[in-house]
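What follows is calculated from the coordinates using simple rules that are stated; it is not laboratory data. Being a predicted model, the structure only gives us computed values, none of them experimental. Heads up, the Cβs are rebuilt from the backbone with ideal geometry, glycines too, and the neighbour counts pull from every protein chain shown.
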Amino acid sequence: MPSSADPHRPADAGARATAHRLMAEARTAALSFLDPASALPSISRIGFGLGPDGLPLAFLSAIALHTAALHRTPACALLIGDPPPKGDPLAGPRLSLQATAEFLAPTDPGQEARRKGWLASHPKAVLYIDLPDFRFVRFRPLGGLLNGGFGKAFYMRPADLLPPS
């Protein structure tokens, strides 16, 4: 948590709204995970969205290294938010989300709603949505950091990252 020299503040209503907007608008994210062979940090770009429950979601192939890594060590981090189209790429808001990955079974009762929502936000996924090696992965937020631009840095608690009620 913050120290006297720490520029991060506890999340306020504006920070929570920015974090939720970033997650709702994102179609991709950078996923950080531990490589299962070396235990070194690694990163990959993945498709990203929010599930019907409002929690972060991805649709991952079993043949991807990050999938094997998340099965072994479900603790991960996601970087959400694209740089602005013009100007300083570091001026745009971004959310570093710490999470735990949960693989969802194709027989899970929410599967059809997730599938429908994913196709609505990721229409090109129609090419692989029914392939047997793909699974939805839900990310349970554990905390994070929101950089909302110059002088706008916030600690995000798990409750700050859950869908608004």
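One residue stands out in segment 99-118 among those that are touching a Cys at 6+ places or on another chain (Cβ under 8 Å) and surrounded by 17 or more Cβ atoms within 10 Å (Cβ to Cβ): the one that is farthest from T73 (Cα to Cα), namely A99.
Each residue in segment 29-50 was checked for being within 11 Å of the chain's Cα centre (by Cα) and surrounded by 15 or more Cβ atoms within 10 Å (Cβ to Cβ), and 9 of them qualify. Restricting attention to segment 119-160, the residues being within 23 Å of A101 (Cβ to Cβ), charged (D, E, K, R) and surrounded by 14 or more Cβ atoms within 10 Å (Cβ to Cβ) number 5.
In the set R9, R45, only one residue is out of contact with any Ser or Thr (no Cβ under 8 Å at 6 or more places or on another chain) and of a type in the set (K, R); that residue is R9. Of the residues making up segment 84-102, those that are over 16 Å from the mean Cα position of the chain (by Cα) and at negative phi are P84, P85, K86, D88, P89, L90, A91, G92. Of everything listed in (1) within 19 Å of P163 (Cα to Cα); (2) outside any strand (DSSP E or B), the single unmet condition for A58 is (2).
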